[in-house]
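*Asks:* Submitted below is the structure of interest, expressed as C-alpha cells.
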Amino acid sequence: MTKKITILLLFLIICAFGVSHSLHVWAAEHDDVFRSTPYPLPRFLSINVDKVYVRTGPGKGFPVKWVFKKKGIPVEVILEYDVWRKIKDHDGDIGWIHKALLSGKRMGIIHSDSLVSMYRKPKSDSRIIAYAEPESLGRVESCKELWCKFISSGYKGWVKKNLIWGVYEDELFD
C-alpha cells in the first residue's frame, strides 16, 4: 500500500510541476495579451475631445461609469485590449475608453492643496511669474530632472515635477 501511495504522490508532484511549468511558459509567451501597441505601460496620454464615455469594460456594450466633459485631461493608460485602453484618472478612478479619444499631447494637473509657484527658470531662486491653483489643467511642454515647463491660463513657467499629476518622477522629455 505504501508503495502505491509513494508512486501516486510522485505522479502528482510530476503533474503539478508540469502544469506549473506549462503555465509559466504560456504566460511568458502571451505577455502581450493586454498589449496592442509597442508603447510602454503604464504611460500618460490626454483626452482628445470634449465628451468621453468611460466604460466598465473594453467595448461599447459595457455600461458607462462616468463621462469626461473637457478636452485635455491627462489619464494614465494602464492596460490595452485591441482598440480599448484601460485608464486611471487623477482621482484614481479606473475605466475603459476607445483609443481614438486619446491624444499624445502631454497634459498635467496641479496636484497640491495650495497655490503652486511657476518659475521663470527651473530653479527655486528664480523669479516667480505666476501661481497655479490646485487642480489647474495645463500643457506639460518638457520635463527635466526635478522640473517641468507647464503652460496654464496663458502663463508658461517651470513647476516642480512632484506637483504635477501627469508625469512620472523619472521621466525626461523635450
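FYI, it's all coordinate maths here, none of it is from the lab. None of these values were measured; they are calculated from a predicted model. FYI the Cβ positions are ideal-geometry reconstructions off the backbone, even for glycines, and counts take in every protein chain you see.
*Asks:* Considering only C-alpha atoms, what is the centroid distance from region 44-104 to region 108-174, in Å?
*Replies:* The distance from the Cα centre of region 44-104 to that of region 108-174 comes to 24 Å.
*Asks:* So what's the net charge close to I110: Lys and Arg +1, Asp and Glu -1, counting the other residues with Cβ under 9 Å from its Cβ? Don't skip to the answer; put the middle values down first.
*Replies:* On the way: positive: none; negative: E133, E135.
Net charge around I110: -2.
*Asks:* Mind checking the log10 I(q)/I(0) for region 37-143 at q = 0.18, 0.19, 0.20, 0.22 Å⁻¹? Debye, one equal scatterer per Cα, no solvent, two decimals.
*Replies:* Taken in order of the listed q values, log10 I(q)/I(0) reads -0.88, -0.95, -1.02, -1.16.
*Asks:* Kirkwood hydrodynamic radius (Cα pairs, Å) of region 108-165?
*Replies:* 10.7
*Asks:* For region 48-64, take each phi angle, set θ = phi - 60°, evaluate the Karplus expression 6.51 cos²θ - 1.76 cosθ + 1.60, and give the result in whole Hz per residue in order, putting x for glycine and proline.
*Replies:* Computed from phi, the couplings for region 48-64 are 9, 9, 7, 9, 10, 8, 9, 10, 6, x, x, x, 5, x, 7, x, 7 Hz.
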